[in-house]
Amino acid sequence: MSLWRGAQEGRYETYKVPLRDNQTVLDVVTFVQRHRDPSLSYRFACRVGMCGSCAMTVNGRPRWTCRTHVSSVAKSGRLKIGPLENLPVIKDLATDMRAFFDKWQRAKGAFVPSRSRGEDVERIKPDSAARIAADAAIECINCGICYAACDTVRWNGDYLGPAALNRAWTLVNDVRDGGNTERLRAAAASGGCHACHSHQSCQELCPQQLNPTASIAGLKRRTLWAYLRGEV
Amino acid sequence: MTVRDLSHRQGVLWIAALVHRLSGLALAIFLPAHFLTLGLAIRGEAPLESFLRWSDQPLVKLGESALVFLLMVHVLGGVRLLVIENLPWRDGQKELATIAAALSAVIALFLLARIF
Amino acid sequence: MNVRLYLWQRLTAAVMAPLVLVHVIVIFYATRQGMSAADILARTRGSVAWASFYGLFVVAVAVHAGIGIRNVLTEWSPLEDRPAAILASAFAVLLLILGARAVAAVVLP
């Protein structure tokens, strides 16, 4: 297997690792760090497909390495592993995710409360159209795979990206939220939802089976109406 | 060297997006020539007629067929996007993109067949 | 790409979809009939219908192609937003002028 060593500049170095039954890519990366080269840097946490920390580029596709079996991706016993695309490389397989989270903020991906503790709790019907739309997109754990896969992120430095816009969409559909004017304004601006070309790499690769393309399409409709009504 | 590994850029929808963009560029480059040609009619029908005769050559007709393909694939691909963006989500985008390309090819080949 | 550019690009796209259909049918018909320049011009000269049809087509394509070129320039070339916008607008104006001239050429009696 070849692993990226270095930062933005560097090279792929080759290591020989024993092939075992039921190995994940995270297993073999860990093997390299423990038995071949202790200077290798990489991230993981839960190692059971819940946290999203172990996302890396495996044979050209961003994936959770703890949930990727070597047998399903290694072509003729070979693996090529690098850090996530579209993010600055700190060292080896670890990237600087600050830009990803900054764009989350810029997309107004944070809940803005509209009631105080003195008022009744908002009643939300789980089968309302808005709640169904929000629920379909809510399980994002910010792993960055969609951001790494997105061509428009690669081509357009201003583009907020699929994850941030997907989260904005869930909040647009949250009847409790009071921040939609600012949120739609952010989505309607340059680098917002309209930059998306619907390549659907995000939807294809999301390990949570989310569909940011659909969420962004929803944002396109909402911002268009808001624009026509003079609200953005 | 740098880290970039883009070997996953092979999927149907990536190719569809590339075809959409390249066909748009090709059509945009073609349009001024197309307008200038039609503008020949300002000087009367003779200059336009001699262009039409020139364009009777098989290779030119092949080129015109190719242009019809580019136009149809751009429009059909664009309609697919308009549907994604304005109607409720539907799965099967890879299939729709493939159908759009196939239909465009059929129309262009049909035109070619009618000429020869 | 922002909401304003998006609106105009999608709007002109929607307007042009049926126009393209008619245009391709016209191409089929004209080539099938082996129409000469005289045949074509006999139909288009003095026609308000063809003037309106192709006039609309020219305006829509100038806007649509202009915005499309702007997107391609900002995403695929090293140009910054402002120069890309200027270049794209210039191209749109070129299409508008050449297109209007072409329509006039075939429609004016």
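Bear in mind these aren't lab numbers, they're just calculated from the coordinates by the rules spelled out. None of the values given here were measured: they were computed from a predicted structure. Positions of Cβ are generated from backbone atoms using ideal geometry, with glycine treated the same way; all protein chains shown enter the neighbour counts.
Laid out as a table, the results:
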read-out: For segment C:3-107, with +1 on Lys and Arg beta carbons and -1 on Asp and Glu, the positive-most of C:Leu41, C:Gly68, C:Val24 along the dipole; value: C:Leu41
read-out: More than 19 angstrom apart: percent of Cα pairs within segment B:12-115; value: 54
read-out: Debye intensity ratio I(q)/I(0), log10, chain A, q values 0.10, 0.12 Å⁻¹ (C-alpha model); value: -0.52, -0.71
read-out: Farthest toward positive dipole pole in segment A:51-167 [+1 Lys/Arg, -1 Asp/Glu at C-beta], among A:Ala94, A:Ser76, A:Ala164; value: A:Ser76
read-out: Segment A:98-228, relative contact order in percent, only Cα pairs under 8 angstrom and at least six apart counted; value: 32
read-out: Distance cut-off 41 Å, percentage of C-alpha pairs in the protein assembly as shown lying past it; value: 32
read-out: Segment A:17-70 - charge dipole about Cα centre, Lys and Arg +1 at Cβ, Asp and Glu -1, debye rounded to 20; value: 100
read-out: Relative packing of peptides A:44-52, C:83-91 - highest average C-beta neighbours within 10 Å first; value: C:83-91, A:44-52
read-out: For segment A:108-232: span of alpha carbons on each principal axis (Å, largest first); value: 47, 35, 22
read-out: Angle between chain A longest axis and helix A:212-228 axis [Cα atoms, degrees, rounded to 10]; value: 30
read-out: Structure-based [θ]222 nm, the protein assembly as shown - -39500 (n - 2.57) summed over DSSP H runs of at least 4, per residue, nearest 500; value: -19000 deg cm²/dmol
read-out: Per-pair calculated FRET efficiency, R0 = 51 Å: A:Tyr12 and B:Val106 via Cβ, rounded to 0.05; value: 0.70
read-out: Only Lys, Arg (+1) and Asp, Glu (-1) charged, at Cβ; chain B dipole about Cα centre in debye; value: 160
read-out: Other protein chain Cβ atoms within 10 Å, averaged over every residue that makes up C:9-21; value: 3
read-out: Sequence of A:Arg20, C:Arg101 once ranked by neighbouring C-beta atoms within 10 Å, starting from the fewest; value: A:Arg20, C:Arg101
read-out: Leading residue at positive end of dipole, chain A (Cβ point charges), from A:Val48, A:Ser2, A:Val112; value: A:Ser2
read-out: Over chain A, relative contact order from alpha-carbon pairs under 8 Å, at least 6 apart, %; value: 17
read-out: Ranking of A:Trp4, B:Trp54, C:Trp50, A:Trp225 by count of other Cβ atoms within 10 Å, fewest first; value: B:Trp54, A:Trp225, C:Trp50, A:Trp4
read-out: Rounded to whole Hz, the Karplus (6.51, -1.76, 1.60) HN-Hα couplings of segment C:29-43, x for glycine and proline; value: 4, 5, 6, 4, 6, x, 5, 8, 4, 4, 4, 5, 5, 4, 7
read-out: Spin-label pair B:Val79/B:Val60, simplified geometry with 7 Å Cα→Cβ offset, distance in nm; value: 3.0
read-out: Charge dipole (debye, nearest 20) of the protein assembly as shown; +1 at Cβ of Lys and Arg, -1 at Cβ of Asp and Glu; value: 420
read-out: Convex hull volume per residue in cubic angstrom - Cα atoms of segment C:50-109; value: 58
read-out: Label point distance in nm, A:Ser114-B:Thr98, each placed 7 Å from Cα along Cα→Cβ; value: 4.4
read-out: Candidates per GluC sites (Glu not before Pro) in segment B:13-115, loop by DSSP, up to 13 other Cβ within 10 Å; value: none
read-out: Under the span-like rule (Cα at least 15 Å along the axis, Kyte-Doolittle mean at least 0.0), DSSP H helices of chain B; value: B:12-38, B:58-86, B:93-115
read-out: Mean-position separation - Cα centroids, segment A:8-76 and segment A:104-162, in angstrom; value: 29
read-out: Segment A:197-203 - phi-based ³J(HN,Hα) in whole Hz, Karplus 6.51/-1.76/1.60, Gly and Pro as x; value: 9, 6, 5, 6, 4, 4, 5
read-out: Chain C - Rg (one decimal) and Dmax (whole number), Cα, Å; value: 16.5, 49
read-out: Using θ = phi - 60° and Karplus 6.51 cos²θ - 1.76 cosθ + 1.60, couplings along segment A:57-74 (whole Hz; Gly, Pro as x); value: 8, 10, 6, x, 10, x, 8, 6, 6, 6, 10, 10, 6, 4, 5, 8, 10, 6
read-out: Cα-derived Rg to Rh of segment A:2-95, Kirkwood definition; value: 0.92
read-out: Relative exposure of A:Arg36, A:Arg43, judged by other C-beta atoms within 10 Å (fewest first); value: A:Arg36, A:Arg43
